[in-house]
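The structure appears right after this line, and notes come after that.
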Amino acid sequence: MGKATQDLRNEHEAILFVLKIMDRMIETNAADNNTGYCTELVYFLRIFADQCHHGKEENFLFKALESSGIPNEGGPIGAMLSDHAEGRGHISAMSNALDAKVAEAFNAAAAKYRDLLRIHINKENMILFKMADEALDDDAQADLFEQFEQHEENVIGHGVHEKLHAMIETWAGVFDVSEDAH
């Protein structure tokens, strides 16, 4: 397992834990009662899951895989890009529902996002990242990891990663979801 793909797998673990918290938000109808947490959740999904994590994949990993001969169109990379675009649509729907104060619409969009991401993460972990580990040697993985670190600093900024993880801890406490539950 390469350094870059391990970094992405670690981020998947954080995202899956947030999806467990999102389950509790849906169950407790947080969009009606705790809209601040739901607004923070949308922020987290946009910044951490999409701009940071998907940005690393789209801007660096997928390009490296294409260079190594793994096809984009009609291949696994194209499927992952399609999932990313669909996920962005669900995040926008969640945000719009919060703005309109329609909890049912938030819950429906959140459930669609959650279901999509669980399947998506499984496909990446079980198929795409294994392909990457075979196609990219240790040096290429180390170079990618350095690009990931630079991307994170440039895109989300210094200290934001820690702030996002602190938000996760707060939500876990508020919605009674333990780390070992994921």
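The values are calculated or read from the model by the stated rules, or taken from the named source; none is laboratory data. Everything quoted here is computed from the prediction, not taken from an experiment. All Cβ positions, glycine included, derive from the backbone under ideal geometry; neighbour counts span all protein chains shown. Note: accessible area is taken over every heavy atom of the protein model, side chains too, but ligands, DNA and RNA are not part of it. Shrake-Rupley method; radii C 1.70, N 1.55, O 1.52, S 1.80 Å.
Miscellaneous remarks
- Under the Karplus curve 6.51 cos²θ - 1.76 cosθ + 1.60, θ = phi - 60°, whole-Hz ³J(HN,Hα) for segment 47-58, x wherever Gly or Pro sits: 7, 7, 5, 8, 5, 7, 5, 5, x, 4, 5, 5
- The lysine pair tally for segment 39-182, using Cα distances under 27 Å and a gap of 8 or more places or different chains, is 11.
- In order through segment 34-40: 3J(HN,Hα) via Karplus (6.51 cos²θ - 1.76 cosθ + 1.60), integer Hz, x for Gly, Pro: 10, 4, x, 5, 5, 5, 4
- Nearest-ten-degree value, helix 138-155 long axis tilted from longest Cα axis of the chain: 40
- Accessible area (Å², 1.4 Å probe, nearest 10) - GLU149: 80
- Among ILE156, ASN96, ALA140 the positive-end extreme of the charge dipole of segment 91-182 (Cβ point charges): ASN96
- The residues of the chain expose, per residue, 48 Å² of accessible area to a 1.4 Å probe.
- The candidate values are (i) 1.08; (ii) 0.94; (iii) 0.98; the one derived from this structure for Rg/Rh (Cα atoms, Kirkwood Rh) carries the label (iii).
- Contour excess over end-to-end distance, with Cα ends at ALA79 and VAL160 and 0.36 nm allotted per residue: 26.2 nm
- Degrees, to the nearest 10: 103-123 long Cα axis against longest axis of the chain: 20
- Relative contact order of segment 47-166, pairs being alpha-carbon contacts under 8 Å that are 6 or more residues apart, as %: 36
- Rolling a 1.4 angstrom probe over segment 29-180 with all protein chains present gives an accessible area of which 49% lies on carbon and sulfur atoms.
- Once all protein chains are placed together, VAL155 keeps about 60 Å² accessible to a 1.4 angstrom probe.
- Database remark: amide H of VAL177 closer than 5 angstrom to no amide H (H placed geometrically; neighbours at sequence offset of 5 or more, or on other chains; Pro and chain starts carry no H).
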